[in-house]
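As structure tokens, the structure follows; a few thoughts come after it.
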Number of protein chains: 6
Amino acid sequence: MYSIEVRDHIMIAHSLPRPVFGPAQNLHGATFVVDAAFFTRDLDDDGLAVDIGRATTVLSEVLAPLNYQNLDTLDLFRGKVTTTEVIARHLFEALAVRVRAGDLGTGSGRICRLRITLHESHAARGAYEADL
Amino acid sequence: MYSIEVRDHIMIAHSLPRPVFGPAQNLHGATFVVDAAFFTRDLDDDGLAVDIGRATTVLSEVLAPLNYQNLDTLDLFRGKVTTTEVIARHLFEALAVRVRAGDLGTGSGRICRLRITLHESHAARGAYEADL
Amino acid sequence: MYSIEVRDHIMIAHSLPRPVFGPAQNLHGATFVVDAAFFTRDLDDDGLAVDIGRATTVLSEVLAPLNYQNLDTLDLFRGKVTTTEVIARHLFEALAVRVRAGDLGTGSGRICRLRITLHESHAARGAYEADL
Amino acid sequence: MYSIEVRDHIMIAHSLPRPVFGPAQNLHGATFVVDAAFFTRDLDDDGLAVDIGRATTVLSEVLAPLNYQNLDTLDLFRGKVTTTEVIARHLFEALAVRVRAGDLGTGSGRICRLRITLHESHAARGAYEADL
Amino acid sequence: MYSIEVRDHIMIAHSLPRPVFGPAQNLHGATFVVDAAFFTRDLDDDGLAVDIGRATTVLSEVLAPLNYQNLDTLDLFRGKVTTTEVIARHLFEALAVRVRAGDLGTGSGRICRLRITLHESHAARGAYEADL
Amino acid sequence: MYSIEVRDHIMIAHSLPRPVFGPAQNLHGATFVVDAAFFTRDLDDDGLAVDIGRATTVLSEVLAPLNYQNLDTLDLFRGKVTTTEVIARHLFEALAVRVRAGDLGTGSGRICRLRITLHESHAARGAYEADL
């Protein structure tokens, strides 16, 4: 299996209003350094799983609606707790839509798996990975 | 598959008394930066695979008996060669006990896979990963 | 010059309500991975510039009032724009108080310089460094 | 599954002469920081998946023919576009030959899977992973 | 002293045609991950040493003429050996021109020192730092 | 000021037998990832502060007597507490001898400052920096 993984980041505010989260029930925030990995079983005629430039652009576009936002106020996450896992899954689904729309280039149809990793600090990260 | 991965470290002495290890047959030591990844197929009602705070606490507790020790003198490793792989497997089993005991919170039963990664330098690491 | 540098992190919400900040005028947030460096000209009788364990504890204590907070609501920053630089300076002053109080151990009087570095993403960081 | 992963790097020139690559059609270059991961299901009597020293040596030998070269002029890649993915696959095959030749030590026969990861910058990487 | 440091990268080909460079006399290449640090003695009314967004943009513009190029063919480096040190100095001078032109914003006049660091691998880097 | 910084590592055992060190009074160990920075005011005719290959070789040679050793048993450190700071200073002096002996190449005489940084984990490091 081939993979290409590109990195970007977002800076968001949110609260996690459930007792299990202790002090993180407060309105606070995070920088999420986001890695998006695209998996393919073979390469196209240009030797590509996915073009790194295009993958970087699409990741940036998928992140834009969250960047510099307070997630507590977004319709997108109404009724949800915006844990690292939930955001990872949201980004997975948003990228999957772009893959299915062919926005990752001629090789889009070849992409069979995605993994989104959110680094929330130097000591913790969450991920969601699944087949398309 | 979701995953949460948390980081801590230990500083230990040991020797690797077999010819294959060359100079590492000497009593020497290592900092192991340890990543523990917990995998789940779905999230609980709080949007969690595993609570990062609790995962960090349990990892720290599992590491404590090894930290600042000479592994050559621990009953735990009697008759074993304490390679990076062997320590990774030991930590996997110790964490698995904690998962089965429910110490990772209400979501413990949901954890279906663990991965322990030990970074022994900027240029080498070992891991053990398996289903629970 | 000797130095000891230890790392911790905080997760905060804030807004930067000035036109120059563009989208960062919104309420958003950040993980700041914080490095605190303590400089000394010589070592004490135990071979220490500063004890790493104690430095880690004091850094954690200095960060605690900011962690999981919305900086826009803290008296501490009333009337200030909480840029990375301003937070770095605040943490410098808070650490300096602890150094002067002797909380860094018998070597506290020996500490002649501090540097606080805040990593706000994988691609940007700010710092404040000065003599005590 | 156990794994041992070791790191080295190469510095190469190449061009990617297809329209999809935009400015990378020019002759340019890259540092590839290369991670090679060796997977085994169990450990040998010395507690090893693979000896880290030996893995490091063999990785270095496999990289040597590419290091400080212009890939456009190597017979090895004649008629190929030397994308990150193509180089990862090349290195995978070259390492697989060494594994099959027993060059990874007495445990060579135990190695059941390899992964080659090429970091081309702080923000992008490619990989090839497969069973042997 | 305050500082803001931002990161970007370039991918270039070059040769180092002097005997001291051994195999690097060949045409080869490098990814340089570039950190640019801007130092100021105080902050402006917005709490800024330099705006991170603007610093990132200007760094990108200064890197653009080198990115995806064969440095051996650029007039810019005619008669020079394009070592890491020489490129760092070139980027320092190019950034200094932008600082003096006021392109770093209202705080440009406040910038009193620059440091350019080029990471050429996970194990080596070069820098040039000086007062303006 | 120019600088070149290269990285290597050592794996050692030691104990810190003074009350201030708490559990680190035990025989334990560390991986020290070591960065050595060489500073010069100008470049030689080859565009070099110091040749990276040569700097890497000399750093490796200076580290060799410590690597895979129990520092408690080395004459070198008799009567000393082998803190991170003490080891950093030792390596500084050992490198300084090599610089003065001309072992860093024709540019050795130009080297005016050294910095040795020892990373003992992902969260702590010590350094010694001084003019030659």
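The values are calculated or read from the model by the stated rules, or taken from the named source; none is laboratory data. These numbers were taken from a predicted model, which means no experiment stands behind them. Methodologically, a virtual Cβ is constructed for each residue, glycine included, from the backbone with ideal geometry; neighbour enumeration extends over all protein chains shown. When the accessible area is computed, the model is the full protein with side chains, heavy atoms only, and any ligands, DNA or RNA have been set aside. Shrake-Rupley method; radii C 1.70, N 1.55, O 1.52, S 1.80 Å.
Note on C:S60 and C:T73: the model spin-label points, each 7 Å out from Cα along the C-beta direction, lie 2.6 nm apart. Think of segment B:47-132 as having a plus end and a minus end, set by charges on the Cβ of Lys, Arg, Asp and Glu; of B:G109, B:G126, B:A64, B:G109 sits farthest toward the positive end of this dipole. Placing a label point 7 Å from the Cα of D:E93 along the Cα-to-Cβ line, the residues of segment A:23-54 whose backbone N sits under 20 Å from it are A:40-50.
How large is Rg over Rh for segment C:41-113, taking Rg from the Cα atoms and Rh as the Kirkwood inverse mean of 1/r across Cα pairs? Don't skip to the end; give the middle numbers.
Numbers: Rg = 14.4 Å, Rh = 13.6 Å.
Dividing the radius of gyration by the Kirkwood radius yields 1.06.
Average projected area of the Cα convex hull of segment A:1-126, in nm²? Mind dumping the intermediate values first?
Working: hull surface 32.4 nm².
Computed as one quarter of the Cα hull surface, the answer is 8.1 nm².
In segment E:7-71, inverting the average of 1/r over every pair of distinct C-alpha atoms gives 14.1 Å as the Kirkwood radius. Near D:R115, once Lys and Arg are set to +1 and Asp and Glu to -1 for all other residues with Cβ below 12 Å from its Cβ, the sum equals -1. Hey, in the GNM for chain A with a 10 angstrom Cα cutoff, which one of A:V20, A:V99, A:V86 fluctuates hardest? With Cα springs under 10 Å in chain A, the top fluctuation among A:V20, A:V99, A:V86 is at A:V20. Heavy-atom accessible surface of A:M1, to the nearest 10 Å², is about 60 Å², with a 1.4 Å probe and all protein chains retained.
Overall, the accessible surface of the protein assembly as shown at a probe of 1.4 angstrom is composed of carbon and sulfur to the extent of 47 percent.
Simple point charges give the picture: +1 on the Cβ of Lys and Arg, -1 on the Cβ of Asp and Glu, and for segment B:13-132 a dipole about the Cα centre of about 400 debye.
Taking Cα pairs under 8 Å and at least six residues apart, what relative contact order does segment A:5-120 come out at, in percent?
37 percent.
Counting only DSSP beta bridges with both residues in chain F, what percent are antiparallel, rounded to the nearest 5? Roughly 95 percent of the DSSP beta bridges within chain F come out antiparallel. Computed with a 1.4 angstrom probe on protein heavy atoms, the D-A interface buries about 1400 square angstrom of accessible area in total. Rolling a 1.4 Å probe over the protein heavy atoms gives chain E an accessible area of 37 Å² per residue. Here segment B:17-51 is scanned for amide nitrogen atoms under 11 Å from the site 7 Å beyond the Cα of A:M1 along Cα-to-Cβ, giving none. Panel note: contact residues of segment E:59-87 (accessible area lowered by at least 50 Å² against the chain on its own; 1.4 Å probe) correspond to E:Y68, E:E85.
For the protein assembly as shown, what proportion of DSSP beta bridges, expressed in % and rounded to the nearest 5, is antiparallel? In the protein assembly as shown, approximately 95 percent of DSSP beta bridges are antiparallel ones. Specify whether the C-alpha gyration tensor of the protein assembly as shown places it in the rounded, prolate or oblate class, a ≥ b ≥ c being the square roots of the eigenvalues: rounded for a/c under 1.5, otherwise prolate if a/b is larger than b/c and oblate if not. Rounded shape, in that the Cα axes give a/c under 1.5. B:E93 sits with roughly 70 Å² accessible to a 1.4 Å probe, with DNA, RNA and ligands left out of the calculation.
Cα centroid separation, segment A:24-92 to segment E:22-48: 28 Å.
Under a model in which nothing but the beta-carbon of Lys, Arg (+1) and Asp, Glu (-1) is charged, the protein assembly as shown shows a dipole of about 0 debye around its Cα centre.
Per-residue Karplus couplings for segment F:26-41, computed as 6.51 cos²θ - 1.76 cosθ + 1.60 with θ equal to phi - 60°, are listed in order as 4, 5, 9, x, 7, 8, 9, 7, 10, 9, 10, 10, 10, 10, 9, 7 Hz, Gly and Pro entered as x.
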